[in-house]
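Worksheet for the structure shown next.
Derivation of every value follows stated rules applied to the coordinates shown; laboratory data play no part. This structure is a prediction, so every number in the text was calculated from the model and none was measured. Note that each Cβ is placed from the backbone with ideal geometry, even for glycine, and that neighbours are counted across all protein chains shown.
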Amino acid sequence: MKYRILNDEELSHLNEQLKQFLIINGIYGDEWKRLNEEEPQKAFGLIELFSDHVLQIVYEKTTFLEKQTPDACFVFHCKPQTLELIAIQKKNSDDTAIDLSYTQGIHSALTQSAGDLTFFRTEKPYSKEREQEIHLMFMDGCIKSSEVFWNQLGKVIS
């Protein structure tokens, strides 16, 4: 398994795609029911393959990620060969007036407390396959972000 198994909720949203995946692999309705009952390990293996297939597509399409905590906001641009980062961090982690864990808190900090923040931008090549690094970032708490947010932060720190 390359990534992880999709959970029941995720699979329920992809029911039609799973059916198509099974048909492509020569498994039809009644055969799938029989496989689940008589050869659950084989059925589980197909779910693993399907999960990897779906996540591979998601990660290939992922371009921007972000991770926000009360002390920092990290926004990543997942380019084909490199990962670029824009980071905003509080200078003093004891400062409870600044909370970078939500959009309005970031906006308030940038407009009212910019002097209490540190900004930096960096870029590095991937140390693993691009999609595997993106997977690890999702597992570490990153969520999808937008090009608009990336560009706005880029303007702020320039």
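Charge dipole (Cα centre; +1 on Lys/Arg Cβ, -1 on Asp/Glu Cβ; no other charges) of segment 8-61 amounts to roughly 160 debye. Distance between the modelled labels on E60 and S158, one decimal in nanometres: 3.2 nm (7 Å Cα→Cβ projection). Between helix 147-157 and the chain there is an angle of about 20 degrees, using the helix long axis and the longest principal axis of the Cα atoms.
In terms of its alpha-carbon gyration tensor, segment 64-157 comes out prolate; a/c meets the 1.5 threshold, and the first ratio a/b outweighs b/c.
Taking every C-alpha pair closer than 8 Å and separated by at least 6 residues, the mean separation divided by the residue count of the chain gives a relative contact order of 22 percent. Filter K2/K90; K128/K155; K19/K79; K67/K128 down to the pairs with a C-alpha to C-alpha distance above 25 Å, please. Over 25 Å Cα-Cα: K2/K90; K128/K155; K19/K79. Counting only Cβ charges, +1 for Lys and Arg and -1 for Asp and Glu, the dipole size of the chain around its Cα centre is about 580 debye. Going toward the positive end of the dipole of the chain, with +1 on Lys and Arg Cβ and -1 on Asp and Glu Cβ, which of M1, W32, L83 do you reach last? Farthest towards the positive end: L83. The trypsin sites (Lys or Arg not before Pro) of segment 79-158 meeting both criteria, a DSSP state outside H, G, I, E and B (loop) and at most 13 other C-beta atoms within 10 angstrom of the site's C-beta, are K91, K128.
Under the criterion of Cα pairs below 8 Å and six or more residues apart, the relative contact order for segment 64-157 equals 35 percent. Helix 40-61 and the long axis of the chain differ in direction by around 40°, with both axes built from C-alpha atoms.
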